[in-house]
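> I have a structure I would like to understand better, so I am pasting it below and will then ask my questions one at a time.
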2 protein chains.
Amino acid sequence: MRLVIAQCSVDYAGRLAAHLPTARRLLIVKADGSVLVHSDGGSYKPLNWMSPPCTLREEEQGDGYLWTVTNKAGEQLVITIEEVFHDTAHDLGIDPGLQKDGVESHLQELLAEQIETLGKGWRLIRREYPTPIGPVDILCRDAEGATVAVEIKRRGEIDGVEQLTRYLDLLNRDPLLAPVRGVFAAQEIKPQARVLATDRGISCAILDYEVLRGMDDPSTRLF
Amino acid sequence: MRLVIAQCSVDYAGRLAAHLPTARRLLIVKADGSVLVHSDGGSYKPLNWMSPPCTLREEEQGDGYLWTVTNKAGEQLVITIEEVFHDTAHDLGIDPGLQKDGVESHLQELLAEQIETLGKGWRLIRREYPTPIGPVDILCRDAEGATVAVEIKRRGEIDGVEQLTRYLDLLNRDPLLAPVRGVFAAQEIKPQARVLATDRGISCAILDYEVLRGMDDPSTRLF
DNA sequence: TGATATATCTCGAGT
DNA sequence: ACTCGAGGTATATCA
């Protein structure tokens, strides 16, 4: 990894065109040839960048340098460097990578394993039940044998209710499944989403991730 | 901006939990206190980070250091540093910011100017036709004089079909306009969106930005 | 490889 | 402050 602090201007031409007027910035060149241009603020997103795979061509231009980064699609990032204040290279090796815990897929796995969280005597039909407009998170049967479609979100907003409504419309056309009712399950459900769900006869369930995980086998936990 | 190359492990606890085993990495501390953890590969997204506003507390721990970055919501990024290989600070000043060109609103302007792209004899009523639930991108009449509502997206996904459906429901209550049919126009339409649109009697149109722009470019006109 | 859903999405505009 | 929509979205998963 190479770190350069330089006075530079940047132009990107690819899926769109973008220009950065001259200023002092951090340029990162990673081992795979990718380049990031960072300012001293904003968030984690660089001002401009080129994703790998790509190649960096470096040439002198006047008192400074011209960097041209090109990828396979022909997109170009052109960095005009007027002055270099810092330039170091470091060998980092390969990163072991990130372990995450608490995302939506975990909620879905845990709830599928413990479907009776939603009601006593409920049984799982399957996770990711396929339909032409996308998979239903969980399809199951309640104690009376009626079909239930469950939509799971980390944060329950209005989009999720719309999504579940579409699935219900579709599933209810299948005589083998109909009538199908819906459950909207999330760690947190926004008031607007709850109102819309209730209005459409969809019930809401709040999921407690800690409780679901606590009931799960500790040996399968990430940490 | 401070650049540190260090052997470190990282833990994030906030909206989710994440852990990075020990490895040699780049740590960036920006002027606003935000911290980025980058490896020597991947893409522009850091392995882990804390967005501003946040505060960094630095303390010695054994032979190394313990960094604790905390934001207002109580989320924490904890970096355990075993060994520091590089540590420099640089004054960058304020960045003038990015200028973008060639984005999506052009698509609407171009299609409105060339509404016959959708069908011979079609005439524009107006762009951004106002309704109580937001403006319809384009309202026009086909060769037979029937009203058509057009929703334009760069990437046609299911949300866009939902949006157009809401407009159609509303517009069809207006006796001066009804019956109104819908056209879903995008540079690219996802299969699921196409299925839903077709199911609702909405037709789909693929827009070619280059062709639309080419037709509009005075230099390429015949007269 | 292509399609799809998620994201600690980020970022900006408008209300 | 909040919502809504777009993004050079990126990223992972699954067919």
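> Could you grab me the full set of residues in the stretch B:5-18 that are buried (at least 17 other Cβ atoms within 10 Å of the Cβ) and within 16 Å of DNA strand D (Cβ to nearest atom)?
If the condition is that a residue be buried (at least 17 other Cβ atoms within 10 Å of the Cβ) and within 16 Å of DNA strand D (Cβ to nearest atom), then B:Val10, B:Tyr12, B:Ala18 are the ones that fit.
> Which one of the conditions (1) more than 24 Å from A:Trp49 (Cβ to Cβ); (2) near DNA strand C (Cβ under 10 Å from one of its atoms); (3) polar (S, T, N, Q) does B:Ser9 fail to meet, given that it meets all the rest?
Only one criterion is unmet by B:Ser9, namely (2).
> Continuing with this model, one more query. Identify, please: which residue in the stretch B:144-155 is out of contact with any Gly (no Cβ under 9 Å at 6 or more places or on another chain) and closer than 13 Å to B:Ala185 by Cβ and is, among those, nearest to DNA strand D (Cβ to nearest atom)?
B:Arg154
> Condition check: closer than 20 Å to A:Gln163 by Cα and either within 14 Å of chain A (Cβ to nearest Cβ) or within 15 Å of DNA strand D (Cβ to nearest atom) (or both). Does B:Val136 satisfy that?
Considered against the rule, which asks whether it is closer than 20 Å to A:Gln163 by Cα and either within 14 Å of chain A (Cβ to nearest Cβ) or within 15 Å of DNA strand D (Cβ to nearest atom) (or both), B:Val136 comes out as no.
> Determine whether the stretch A:116-128 contains at least one residue that is within 16 Å of DNA strand C (Cβ to nearest atom), under 22 Å from A:Lys153 (Cβ atoms) and loosely packed, with under 14 Cβ neighbours inside 10 Å.
Yes.
> Also, quick follow-up: Scan the stretch A:34-57 residue by residue and report those that are surrounded by fewer than 21 Cβ atoms within 10 Å (Cβ to Cβ), within 25 Å of B:Ala89 (Cα to Cα) and more than 15 Å from DNA strand D (Cβ to nearest atom).
Selection gives A:Gly41 alone.
> Now a separate question. Restricting to the stretch B:34-51, what's the tally of residues that are at the interface with chain A (Cβ under 7 Å from one of its Cβ atoms) and away from DNA strand C (no atom under 12 Å from the Cβ)?
Number of matching residues: 4.
> Follow-up. Output the number of the condition that A:Val136 fails; it satisfies all remaining conditions of (1) modelled with pLDDT of 90 or more; (2) surrounded by fewer than 16 Cβ atoms within 10 Å (Cβ to Cβ); (3) at negative phi.
(2)
> Would you point out the residue of the stretch A:20-33, among those that are under 18 Å from A:His86 (Cβ atoms) and more than 9 Å from chain B (Cβ to nearest Cβ), that is surrounded by the fewest Cβ atoms within 10 Å (Cβ to Cβ)?
For the stretch A:20-33, the residue satisfying everything is A:Val29.
> Residues in the stretch A:103-123: is at least one on the phi > 0 side of the Ramachandran plot, free of Cβ contacts under 8 Å to residues at least 60 places away in the same chain and outside the structural domain of A:Glu188 (by TED's automatic domain parsing)?
No, that holds for no residue.
Residues checked against (1) within 16 Å of DNA strand D (Cβ to nearest atom); (2) within 14 Å of another protein chain (Cβ to nearest Cβ); (3) modelled with pLDDT of 95 or more:
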{"position": "B:Glu104", "(1), (2), (3)": "yes, yes, no"}
{"position": "B:Glu109", "(1), (2), (3)": "yes, no, no"}
{"position": "B:Pro132", "(1), (2), (3)": "yes, no, no"}
{"position": "B:Asp142", "(1), (2), (3)": "no, no, yes"}
{"position": "B:Glu157", "(1), (2), (3)": "yes, yes, no"}
{"position": "B:Glu162", "(1), (2), (3)": "yes, yes, no"}
{"position": "B:Leu168", "(1), (2), (3)": "yes, no, no"}
{"position": "B:Pro191", "(1), (2), (3)": "yes, yes, no"}
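> Is the stretch A:8-19 home to any residue that is at the interface with chain B (Cβ under 7 Å from one of its Cβ atoms) and of a type in the set (Gly, Ala, Ser)?
yes
> Looking at (1) within 13 Å of DNA strand D (Cβ to nearest atom); (2) more than 9 Å from chain A (Cβ to nearest Cβ), which is the one condition that is false for B:Leu66?
(1)
> Looking at the stretch A:111-130 only, could you name the residues that are of a type in the set (A, V, I, L, M, F, W, C) and either under 18 Å from A:Ile206 (Cα atoms) or away from DNA strand D (no atom under 16 Å from the Cβ) (or both)?
Scanning the stretch A:111-130 gives A:Leu111, A:Ala112, A:Ile115, A:Leu118, A:Trp122.
The values are calculated or read from the model by the stated rules, or taken from the named source; none is laboratory data. Please read these numbers as outputs of a predicted model, since none were measured by experiment. With ideal geometry, Cβ positions are generated from the backbone for all residues, glycine too; neighbour counts draw on all protein chains shown.
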